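Visitor: The structure is given below, and queries will be raised subsequently.
The values are calculated or read from the model by the stated rules, or taken from the named source; none is laboratory data. Just so it is clear, the model here is predicted, and its values are computed rather than measured. Because the Cβ atoms are built from the backbone with ideal geometry, glycine has one as well, and the counts that use them run over all protein chains shown. To get the accessible areas, we keep the full protein, side chains included, count just its heavy atoms, and leave off ligands, DNA and RNA. Shrake-Rupley method; radii C 1.70, N 1.55, O 1.52, S 1.80 Å.
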Amino acid sequence: MITEKSDKVIVSTGIQSESFFNVKQENLAHIFGILRNQLYSDKILAVVREYCTNAMDANIDAGAPNCPIQVSIPNAFSPVFKVRDFGKGLSEEQVYNIFGSYGESTKRNTNEQTGCLGLGSKSAFSYVDSFLFTSYHGGSKTVYSAYIDETEIGKITRLTVEPSTEPSGIEVVVNVKTGDFGAFHDRAFEVLRYFTPKPIIHNDNHLQSRIDNHDSTPILSGENWSITKNHQGGYGSRLRVIMGNVVYPVNINNLGLGKLMEDYIYSFRYMEILLKAPIGAVKNSASREALEYSRKTNSWLFNALSDFKEQVGEVLSKQMESANTMWDALIMYNELSNKVGQSNVLKYRGQVIHQGVISIKSAKLRRVQKNRNQKLQWEDATHISPHSEARIFVDKGNVSRHELFGRINSYGDLTTNTYLLQFDNPTMADIFLSKPELEGCPWVDLATANYVKPTRKQSVGKSVFSEAYEFANGISWRKSDHWKPCQIDIANGNGLYVVISHFSPVDPFLNSGNMETFKKLLSTCGIDQPVYGVRAKTASTLGSGWKPFQLYQVELFNDLTSKHDFATYWDVKKASIPSIISGFRCPVYDNFEFPDTIREILDAIAVSEKTVWTNEFKLANHLFELASTRYESKLQPKIDEVMNKYPMFSLLGWIGGGESAQKVMDYINLVG
């Protein structure tokens, strides 16, 4: 990467003597120690990022930008991290004068390559005191050892030279501590998922699959940006810049964007915005862990975000042009807003759409809603939310009041997308219904509907009311703030109840925290189920319509598990599955005939991984977590049987390929 040139003009007067700053020979070990040990905050991430990025630079320098680098992930059989490029390789002179020199770089005159600082090739020293690298150059294979010697400065030593017909390039080999295998897997995914082309991974087919399938279909994308799901979780959005395969987080607070733009970025909830910067467009820190917010960096980010906002609106508006009517366009507007935020300026047939609802001011509007007991009832409303299943009944003022709902009933059961619009006279109705935003609106003139006479409800027994407390969500530390006084019909009422004493559930397994989480998850599934706290004496007098809260949770868990066939997922989740067995799902084992017991375990894992995290699954999963200690996995006995039959498995970790996988298959065949 071309570095910025200084444009300083120094004016000096009255100088009597001067001297350059320097580093004395006796201080080199100290300076190099700082560069090795204090430059990188995440040393494993640095090793992965620096050598993989250097490898891509080498391929580009050799005129092979589409050639993938090869990366070997450490495991129990091969505890080393390797990176192999297919560049030009290095001569011995280049090894000693460039690879072995801090600050030396051959990339400062081009923006085709990412590096320029002359530090990354030594990044292994932040993790280990020695590492190997092999240069394939000029028909020879030369192996070097880089290590920290007794002077603490470090040396490079040539170990072997032999003729070679292998492609030219460099291979770096770093020994990895046993406890860091998983960390290298995670950091490799974090770095390599953004690489183009995708690297070839050895010894870890699971990682290869994760990288290959990472966001192959983004939520939305343009030429220089993409919007994807935020895999790190969190409610807010995550803004990042990718430059030369290296991704940098962006701190919005450092840019001075203004509140409107900041709010726009934050509107992309649960998403990651990735801006693609040409090499050299922004300036990174020496560690390449962050951006340096210089005038150059801030200027590029400001312009890139302005273009991003404009282009997102254009892409979404183009999608909306496929709508046949304004009603369809409003439905699409809401779908797109739920997908990529509600702060985008969208157009349909040249008309700017500011909101996805139709406000009602010249008529009375009512909508069907669910009450606290999950029953449907009519409630006043101020706007219509376009929906593919919406039904809008219109009374133009010419329908008898006592026939109104009888005519609506002729269309079948009510839904929460049912509306009733009432006008004073037909003229007002016709004026309103002719508005452009109502083009394609599925409204029904009740004057043309059949009248169905309503049936009388059967009377019930005499109601008996008692004092109780309704559970309410809150953030107060006071227990009483979670319970609102109310009255309940203990004879004819219905609902869920919890026995409480001094505003706390008597059951030690219940608390306001998990009750609040449960109610929120119910809400996401369209269930508004109140929970009442009653005294133990009152609980003994409740009628048949009342159900204990814990019993409702058990029944709901069983119903959801049976309805969606979640049992296999619970069995897998509760079971302790050794890494060696998990690795058997890698492609290298596809043609291997596993014994029936192992095959049953692998089939169960495969089924569980296909589980979709719907709102109902999240609800069931919450209930599973609450009762997991009492849940017995039907898969665990099979796993125990396998581990007892193949005792060597207990000494092995994840093995996804290579010679190690073949040895494992041979072992299984040997035992039978």
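Visitor: Out of all the residues in region 530-543, which are in contact with a Leu (Cβ under 8 Å, 6 or more places away or on another chain) and part of a loop (DSSP other than H, G, I, E, B)?
Guide: Initial filter on region 530-543 (in contact with a Leu (Cβ under 8 Å, 6 or more places away or on another chain)): 530-532, 534.
The one that is in contact with a Leu (Cβ under 8 Å, 6 or more places away or on another chain) and part of a loop (DSSP other than H, G, I, E, B): PRO530.
Visitor: Within region 288-300, restricting attention to residues that are assigned to a helix (DSSP H, G or I) and either among the polar types (S, T, N, Q) or within 22 Å of VAL191 (Cβ to Cβ) (or both), which residue is most open to solvent (accessible area, probe 1.4 Å)?
Guide: As a first pass, look at region 288-300 and keep what is assigned to a helix (DSSP H, G or I): 295-300.
Then keep just the ones that are either among the polar types (S, T, N, Q) or within 22 Å of VAL191 (Cβ to Cβ) (or both); that gives 297-299.
Values: THR297: 0, ASN298: 41, SER299: 61 Å².
Per the stated criteria, the residue is SER299.
Visitor: I need every pair where a residue in region 452-473 that is more than 30 Å from GLY406 (Cβ to Cβ) has its Cβ under 6 Å from the Cβ of a residue that is among the small types (Gly, Ala, Ser) and modelled with pLDDT of 65 or more, sequence separation at least 6 or different chains.
Guide: Filtered contacts from region 452-473: VAL464/ALA491; TYR469/GLY533.
Visitor: Scan region 384-395 and give yes if some residue there is closer than 30 Å to LYS547 by Cα and either exposed (fewer than 15 other Cβ atoms within 10 Å of the Cβ) or more than 35 Å from the chain's Cα centre (by Cα) (or both), otherwise no. Show your work before the answer.
Guide: First, the residues of region 384-395 that are closer than 30 Å to LYS547 by Cα: none.
Scanning region 384-395 turns up no residue that is closer than 30 Å to LYS547 by Cα and either exposed (fewer than 15 other Cβ atoms within 10 Å of the Cβ) or more than 35 Å from the chain's Cα centre (by Cα) (or both).
Visitor: Turning to a different aspect of this structure: Count, please, the residues in region 548-568 that happen to be under 30 Å from ARG535 (Cβ atoms), aromatic (Phe, Trp, Tyr) and surrounded by 19 or more Cβ atoms within 10 Å (Cβ to Cβ). Can you show your working first?
Guide: As a first pass, look at region 548-568 and keep what is under 30 Å from ARG535 (Cβ atoms): 548-559.
Next, only the ones that are aromatic (Phe, Trp, Tyr) stay: 549, 552, 557.
Of the ones still in play, those that are also surrounded by 19 or more Cβ atoms within 10 Å (Cβ to Cβ) are 549, 557.
Selection size over region 548-568: 2.
Visitor: While we're here: Can you name the number of the only condition in (1) open to solvent by less than 70 Å² (accessible area, probe 1.4 Å); (2) within 19 Å of LYS453 (Cα to Cα); (3) in contact (Cβ under 8 Å) with a residue 24 or more places away in the chain that ASN371 fails?
Guide: It fails just one condition, (2).
Visitor: Right, next: Just checking, does region 254-266 include any residue being farther than 21 Å from LYS43 by Cα, of a type in the set (Gly, Ala, Ser), in a loop (DSSP other than H, G, I, E, B) and open to solvent by less than 30 Å² (accessible area, probe 1.4 Å)? Lay out the reasoning, then the answer.
Guide: Going residue by residue through region 254-266, those that are farther than 21 Å from LYS43 by Cα are 254-266.
If we keep only those that are of a type in the set (Gly, Ala, Ser) too, we end up with 256, 258.
Still in the list and also in a loop (DSSP other than H, G, I, E, B): 256, 258.
Checking which are open to solvent by less than 30 Å² (accessible area, probe 1.4 Å) leaves us with none.
Checked region 254-266: no residue is farther than 21 Å from LYS43 by Cα, of a type in the set (Gly, Ala, Ser), in a loop (DSSP other than H, G, I, E, B) and open to solvent by less than 30 Å² (accessible area, probe 1.4 Å).
Visitor: Further, regarding this structure: Would a scan of region 211-218 turn up a residue that is touching a residue at least 60 places away in the same chain (Cβ under 8 Å) and more than 16 Å from the chain's Cα centre (by Cα)? Write out each step before concluding.
Guide: Quick first cut of region 211-218, residues touching a residue at least 60 places away in the same chain (Cβ under 8 Å) only: none.
Checking region 211-218: not a single residue is touching a residue at least 60 places away in the same chain (Cβ under 8 Å) and more than 16 Å from the chain's Cα centre (by Cα).
Visitor: Still on this structure, I have one more. If you check TYR631 against the conditions, is it free of Cβ contacts under 8 Å to residues at least 40 places away in the same chain and not aliphatic (A, V, I, L, M)? Please lay out each step first, then the result.
Guide: Details: free of Cβ contacts under 8 Å to residues at least 40 places away in the same chain: no; not aliphatic (A, V, I, L, M): yes.
In short, no.
Visitor: Looking at ILE598, ILE577 in this structure, which one is β-branched (Val, Ile, Thr) and either over 28 Å from the mean Cα position of the chain (by Cα) or closer than 23 Å to ASP212 by Cβ (or both)? Please lay out each step first, then the result.
Guide: On the way: ILE577 fails: either over 28 Å from the mean Cα position of the chain (by Cα) or closer than 23 Å to ASP212 by Cβ (or both).
Matching residue, one of ILE598, ILE577: ILE598.
Visitor: One residue is enough: does region 78-99 have a residue meeting the conditions out of contact with any helix residue (DSSP H, G or I) (no Cβ under 9 Å at 6 or more places or on another chain), of a type in the set (S, T, N, Q) and in a helix (DSSP H, G or I)?
Guide: Yes: region 78-99 contains one or more residues that are out of contact with any helix residue (DSSP H, G or I) (no Cβ under 9 Å at 6 or more places or on another chain), of a type in the set (S, T, N, Q) and in a helix (DSSP H, G or I).
Visitor: Further question on the same structure: Please specify each residue of region 308-333 satisfying the condition of being of a type in the set (Ser, Thr, Tyr) and assigned to a helix (DSSP H, G or I). Can you show your working first?
Guide: Step one: of region 308-333, the residues of a type in the set (Ser, Thr, Tyr) are 317, 322, 325, 333.
Scanning region 308-333 gives SER317, TYR333.
Visitor: Pairs needed: first member in region 597-618, touching a residue at least 40 places away in the same chain (Cβ under 8 Å) and among the acidic types (Asp, Glu); second member anywhere, surrounded by fewer than 12 Cβ atoms within 10 Å (Cβ to Cβ) and assigned to a helix (DSSP H, G or I); C-beta distance under 9 Å; at least 6 residues apart or different chains.
Guide: GLU616/LYS563
Visitor: Test PHE518 against the criterion of being touching a residue at least 24 places away in the same chain (Cβ under 8 Å), assigned to a loop (DSSP other than H, G, I, E, B) and within 22 Å of SER628 (Cα to Cα), and give yes or no.
Guide: Values: touching a residue at least 24 places away in the same chain (Cβ under 8 Å): yes; assigned to a loop (DSSP other than H, G, I, E, B): no; within 22 Å of SER628 (Cα to Cα): yes.
Spelling it out, it is not the case that PHE518 is touching a residue at least 24 places away in the same chain (Cβ under 8 Å), assigned to a loop (DSSP other than H, G, I, E, B) and within 22 Å of SER628 (Cα to Cα).
Visitor: Quick check: is even one residue across region 450-462 touching a strand residue (DSSP E or B) at 6+ places or on another chain (Cβ under 9 Å), at pLDDT 85 or above and open to solvent by 40 Å² or more (accessible area, probe 1.4 Å)? Can you show your working first?
Guide: Filtering region 450-462 down to residues touching a strand residue (DSSP E or B) at 6+ places or on another chain (Cβ under 9 Å) leaves none.
No.
Visitor: Could you list, in sequence order, all residues of region 334-368 that are in a loop (DSSP other than H, G, I, E, B) and either free of Cβ contacts under 8 Å to residues at least 24 places away in the same chain or open to solvent by less than 60 Å² (accessible area, probe 1.4 Å) (or both)? First the steps, then the outcome.
Guide: Taking region 334-368 and keeping what is in a loop (DSSP other than H, G, I, E, B), we get 341-345, 349-350, 354-357, 360-363.
Of everything in region 334-368, those that are in a loop (DSSP other than H, G, I, E, B) and either free of Cβ contacts under 8 Å to residues at least 24 places away in the same chain or open to solvent by less than 60 Å² (accessible area, probe 1.4 Å) (or both) turn out to be GLY341, SER343, ASN344, GLY350, HIS354, GLN355, GLY356, VAL357, ILE360, LYS361, SER362, ALA363.
Visitor: Would you say LEU305 is of a type outside the set (Asp, Glu) and assigned to a strand (DSSP E or B)?
Guide: Values: of a type outside the set (Asp, Glu): yes; assigned to a strand (DSSP E or B): no.
So LEU305 does not fit the description; no.
Visitor: What residue, among those in region 267-287 that are outside any strand (DSSP E or B) and closer than 15 Å to ASP307 by Cβ, is most open to solvent (accessible area, probe 1.4 Å)? Lay out the reasoning, then the answer.
Guide: Residues of region 267-287 outside any strand (DSSP E or B): 267-270, 277-283, 285-287.
With the extra rule that they be closer than 15 Å to ASP307 by Cβ, the set shrinks to 277-278, 281-282.
Values: ALA277: 12, PRO278: 80, ALA281: 18, VAL282: 2 Å².
Result: PRO278.
Visitor: Also, I was wondering about something else. Is at least one residue of region 222-243 open to solvent by 20 Å² or more (accessible area, probe 1.4 Å), in contact with a Lys or Arg (Cβ under 9 Å, 6 or more places away or on another chain) and in a strand (DSSP E or B)?
Guide: Yes, the conditions are met somewhere in region 222-243.
Visitor: Do we have any residue at all in region 569-592 that's over 30 Å from LEU652 (Cα atoms) and open to solvent by 40 Å² or more (accessible area, probe 1.4 Å)?
Guide: Step one: list which residues in region 569-592 are over 30 Å from LEU652 (Cα atoms), which gives none.
No, the conditions are met nowhere in region 569-592.
Visitor: Let me ask something additional. For the structure I just gave you, tell me whether ASP559 is acidic (Asp, Glu), over 13 Å from PHE471 (Cβ atoms) and out of contact with any Ser or Thr (no Cβ under 8 Å at 6 or more places or on another chain). Steps first, please.
Guide: Details: acidic (Asp, Glu): yes; over 13 Å from PHE471 (Cβ atoms): yes; out of contact with any Ser or Thr (no Cβ under 8 Å at 6 or more places or on another chain): yes.
In short, yes.
Visitor: Within region 379-393, track down each residue that is free of Cβ contacts under 8 Å to residues at least 24 places away in the same chain and charged (D, E, K, R). Steps first, please.
Guide: To start, the set of residues in region 379-393 that are free of Cβ contacts under 8 Å to residues at least 24 places away in the same chain comprises 379-380, 382.
Those that are free of Cβ contacts under 8 Å to residues at least 24 places away in the same chain and charged (D, E, K, R): GLU379, ASP380.
Visitor: So, one more: Can you tell me which residue is farthest from THR524 (Cα to Cα) among those in region 626-672 that are open to solvent by 90 Å² or more (accessible area, probe 1.4 Å) and among the acidic types (Asp, Glu)?
Guide: GLU659
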